[in-house]
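Scroll down for the structure; my scribbles are underneath it.
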Amino acid sequence: MEQHGNMLAIAGSPGSGKTTLAVKLAAEIAGKRKNVILVCGDPFVPSIPFLLPMEGEQEVSLGALLTAPALTQDQILRACVPVPGCEYASLLGYKLGENLMSYPKVTRERAVEFLVCLRHLADYVILDLTSVFEADVFSILAMEMADRVLRVGTSNLRGISYYRSHAGMLEGRADRGKYLNAIGNYKAGQEWESVAGQYGGAAFLFPYVAELEKQYDEGRLWEAMISREAPQFEKEVKKLLAEAFGLREARQSAGNPEKKKLVVRSPFVWKNKGEF
Ligand SMILES: Nc1ncnc2c1ncn2[C@@H]1O[C@H](COP(=O)(O)OP(=O)(O)O)[C@@H](O)[C@H]1O
Ligand SMILES: [Mg+2]
C-alpha cells in the first residue's frame with residue numbers, strides 16, 4: 001500500500017497562485033471533515049489579513065511562535081485562527097503590519113521543532129511558503145521537512161527566470177522524488193508545454209479562473225466556486241490531494257474502515273497524535 005505523509009509545502013514563483021491554491025487545498029480537505037492547518041508562511045506578505053479580512057485582530061503571530069523561548073503544542077493550538085464556516089480548517093501566519101524584522105532571527109532548531117509539533121496536531125498540514133525562501137529560514141526548513149513539495153511556476157518567461165535562479169536550491173539536499181511540479185494561474189493561450197519542459201515537466205495545470213481572482217480580492221477564497229471555469233481548477237485540486245496525501249473521493253475509498261471512524265466535533269477538531 002502507498003505510504004503518504006501529511007505535510008505538503010508549496011513553493012515557487014511570485015504570483016503563480018501558491019496562496020490561492022493553498023486555500024483551495026485546505027478548503028477541500030476541510031470539506032472532507034479532516035483537520036487541516038494552513039501555515040501562511042510568507043513573512044513578506046502576511047496573508048491572514050487578506051484571507052480572513054473581516055475577522056478580529058489575530059492574537060498570536062507565526063513570528064512569535066518561531067522565536068518563542070520555548071514552544072509547546074498548546075501554544076501552537078492557541079495561535080491557530082479558525083476559519084468561519086470551514087470548521088476543520090485553521091490558519092497560522094504573520095500578522096498585519098509585520099515583516100521579518102519584527103522578530104529576532106528564526107533559528108533552524110526552532111523551525112524544526114515547530115514543524116515536528118505541527119505534523120502531530122492536525123490530519124493535514126499545508127505550508128504556503130514565500131518565493132524569497134533563501135531569506136527565510138522557516139521556508140527552507142519547511143521544504144526540507146515536508147513530505148511532498150509542490151513547486152508552482154507561471155507559464156511565462158518570468159516564471160522560467162525565477163525557476164532558473166532557484167532550481168538548485170529548490171531541490172536542496174532532499175530526495176527528488178518528493179517534488180511535484182505545477183503550472184499555476186495558467187491563462188488561455190499561454191505556452192505551457194514548453195515552459196513545463198523547462199521546469200522538468202509539470203503534473204498539474206491550474207487554470208486562471210476569473211471567479212477565483214475575484215474571490216481572492218474580496219477575501220472570499222474559502223467559499224465554493226460556481227463559475228463554468230471552476231471545475232477544471234477543482235479537478236486539479238483533487239488530483240493533487242490524491243497524489244500528495246492519498247486523499248481520494250469518498251466513492252473511491254468506500255470500504256476503507258479508517259474513514260468510518262470519523263467523529264464530528266465542533267468547532268475545530270484537533271488531532272493530537274501524542275508524543276513528538
Ligand atoms: N488560478 C487562478 N485564477 C485566477 N487568478 C489567480 C489564480 N492563481 C492566482 N491568481 C491571482 O494571482 C494573484 C497572485 O496569487 P497568489 O495566490 O497570491 O500567488 P503567490 O502566492 O504565488 O504569490 C492574485 O491576484 C490571485 O487572485
Ligand atoms: Mg503567496
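The values are calculated or read from the model by the stated rules, or taken from the named source; none is laboratory data. Worth saying up front: this structure is predicted, and the values here are computed from it rather than measured. Positions of Cβ are backbone-derived with ideal geometry, glycine not excepted, and every protein chain shown enters the neighbour counts. Accessible surface is based on the protein model in full, side chains and every heavy atom, while ligands, DNA and RNA are left aside. Shrake-Rupley method; radii C 1.70, N 1.55, O 1.52, S 1.80 Å.
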Given charges at beta-carbon only (K, R positive; D, E negative), |dipole| of segment 46-191 in Debye
520 debye
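Using a probe radius of 1.4 Å on heavy atoms only, what accessible surface per residue do you get for segment 7-260? Whole Å² is fine. Spell out each step's value before the answer.
On the way: 11320 Å² over 254 residues.
Per residue, segment 7-260 has 45 Å² of solvent-accessible surface.
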Would you mind counting up the charge near Glu211? Only other residues with Cβ under 14 Å from its Cβ, with Lys and Arg at +1 and Asp and Glu at -1.
-2
Cβ charges +1 (Lys, Arg) and -1 (Asp, Glu), total dipole of segment 7-260, debye
620 debye
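Tally Lys/Arg at +1 and Asp/Glu at -1 over every other residue whose Cβ is under 11 Å from the Cβ of Leu141; what's the total?
Residues near Leu141 contribute -2 overall.
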Using the Cα centre of the chain as origin and beta-carbon charges of +1 (Lys, Arg) and -1 (Asp, Glu), tell me which of Tyr216, Gln58, Leu71 is placed farthest towards the positive end of the dipole.
Leu71
Show that you can apply the helix-only estimate: for the chain, add -39,500 (n - 2.57) for every DSSP H stretch of four or more residues, divide by all residues, and state [θ] at 222 nm to the nearest 500.
-10500 deg cm²/dmol
Can you give the Rg and Dmax of segment 5-143 based on its C-alpha atoms, in angstrom?
13.5, 38
Alpha-carbon centroids, segment 93-171 and segment 42-85: separation in whole Å:
16 Å
Counting only DSSP beta bridges fully inside segment 7-260, the antiparallel percentage to nearest 5 is 5 percent
Residues whose modelled amide H sits under 5 Å from the amide H of Phe44, counting only those 5 or more places away in sequence or on another chain, are none
What's the ranking of 148-161, 17-30 by average number of surrounding C-beta atoms within 10 Å, highest first?
17-30, 148-161
Can you pull the Kirkwood radius for segment 112-219, inverse mean 1/r over Cα pairs, to one decimal in Å?
15.3 Å
Return the carbon/sulfur percentage of the accessible area of the chain, one whole number, probe 1.4 Å, all protein chains in place.
54 percent
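Restricting things to Cα coordinates, could you compute the convex hull volume per residue of the chain in Å³?
Values: hull volume 37.8 nm³, N = 276.
Spread over its residues, the Cα hull of the chain gives 137 Å³ apiece.
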